[in-house]
Amino acid sequence: MQRASDEGVEDVAREHYLPDLEAAAAEGLPRPEEDDRERMRALLGLIRSAPTGMRPSELEKEVARAKIVSGTDKYQRYGILIGLAEIGVLPSPALPPMWDRFIPTAERHTASRRLRGAPRSDITLPLAGWRGGVDEQRASWLLDT
């Protein structure tokens with residue numbers, strides 16, 4: 001949520017997030033359906049087939065070409081990939097999964113500086129450190145939940 005001294009900015013953010021939070025609190029989080037699981041299996045299969053050394057930006061383009069998550073723009077696809085990296089399905093040698101523990105900003109910045117090449121601001125750690133592969137144990141957990 002964006003905060004500013006001007007209450008109008010905070011009200012706009014609240015307007016966008018509050019209905020989703022209220023629905024989640026009242027109805028619970030949605031459970032994935034079989035179609036969701038099939039798309040996730042297809043996405044993981046695509047990621048498994050990616051060559052070692054592939055960068056996240058190249059992976060996003062492959063996901064777009066495969067049309068596994070049709071109707072999404074590149075930032076939505078990055079959001080999906082970032083989520084997979086944060087829970088550790090897409091391993092990053094630069095940073096442990098954020099799902100396992102809180103990682104302070106200073107630690108994330110230090111890890112980001114250790115990455116080879118210029119980091120992009122729209123591809124954040126831990127996804128920015130991914131260079132191929134899937135953590136099969138975490139992928140199995142994700143599909144079983």
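The values are calculated or read from the model by the stated rules, or taken from the named source; none is laboratory data. This one's a predicted model, so the numbers in the text were calculated from it and none came from an experiment. Ideal geometry is used to build each Cβ from the backbone, glycine not excepted, and the neighbour counts take in all protein chains shown. What goes into the accessible areas is simple: the full protein's heavy atoms, side chains included, and nothing from ligands, DNA or RNA. Shrake-Rupley method; radii C 1.70, N 1.55, O 1.52, S 1.80 Å.
Give me the pairs, please: first residue somewhere in the range 119-130 and under 15 Å from I80 (Cα atoms), second residue anywhere and at pLDDT below 70 and assigned to a loop (DSSP other than H, G, I, E, B), beta-carbon distance under 7 Å, and either six or more positions apart or on two chains.
If the second residue must be at pLDDT below 70 and assigned to a loop (DSSP other than H, G, I, E, B), the pairs left are A128/P119.
So which helices (runs of 4 or more DSSP H) are wholly in the range 1-120 and hold at least 3 residues that are at pLDDT below 85 and open to solvent by less than 50 Å² (accessible area, probe 1.4 Å)?
Answer list for the range 1-120: 7-27.
Out of all the residues in the range 134-145, which are assigned to a loop (DSSP other than H, G, I, E, B) and touching a helix residue (DSSP H, G or I) at 6+ places or on another chain (Cβ under 8 Å)?
V134
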